[in-house]
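The values are calculated or read from the model by the stated rules, or taken from the named source; none is laboratory data. This structure is a prediction, so every number in the text was calculated from the model and none was measured. Cβ placement follows ideal geometry from the backbone for every residue including glycine, while neighbour counts extend to all protein chains displayed.
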Amino acid sequence: MSQKIRIGKIATLLAMLDESEYSSFDAMFNEVDTCLGKVGSMNMQKVISSVETAVKRSGLIEEGIYRETHALYHTIVEALEGVTRGQLAIGETMRTVGLRFAVVRGRPYEEEKEGEWIAVAFYGTIGAPIKGLEHEALGLGINHI
């Protein structure tokens, strides 16, 4: 089973690059559907809600289709585990965060029967609530729809 596109790589690039850098990757980005946004909270409910709302508003998933929302939820949680080093309760601690997110939907496999998949990438800074003491963080989640 071989992949024709790498949705995780695309999501990671979209989350990390500045808009001025997108043009170098236009051909790759045009192979998939995407949604981009930002979150400034480590409260897990707020992060999930922000991403879900943006994705539904963009039309990337169908709101009334449970399996699409369910796949997105698990993909967000998987990506957050990367950002928080597996400590999802981080919203309860004193941390500042500034994350960009990218959600990518596509058909990564050459075999059409493998269907559509979704990837969520978070990239930005997280750290102590003191300006300048943050560090970069990256998280990626991938799931089938």
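Within the set G124, G132, G115, G40, the sole residue that is of a type in the set (G, A, S) and without any contact (Cβ under 8 Å) to a residue 12 or more places away in the chain turns out to be G132. Among what's in the range 44-80 and is surrounded by 18 or more Cβ atoms within 10 Å (Cβ to Cβ) and among the hydroxyl-bearing types (S, T, Y), pick the residue that is nearest to T96 (Cα to Cα). Top of the filtered list is S50.
Of the residues making up the range 26-46, those that are modelled with pLDDT of 90 or more and not acidic (D, E) are F29, N30, V32, T34, C35, L36, G37, K38, V39. The residues listed here are E81, E92; of these, the one that is at negative phi, at pLDDT below 90 and of a type outside the set (F, W, Y) is E92. Checked against (1) free of Cβ contacts under 8 Å to residues at least 12 places away in the same chain; (2) in a strand (DSSP E or B); (3) touching an Asp or Glu at 6+ places or on another chain (Cβ under 7 Å), G141 passes all but condition (1).
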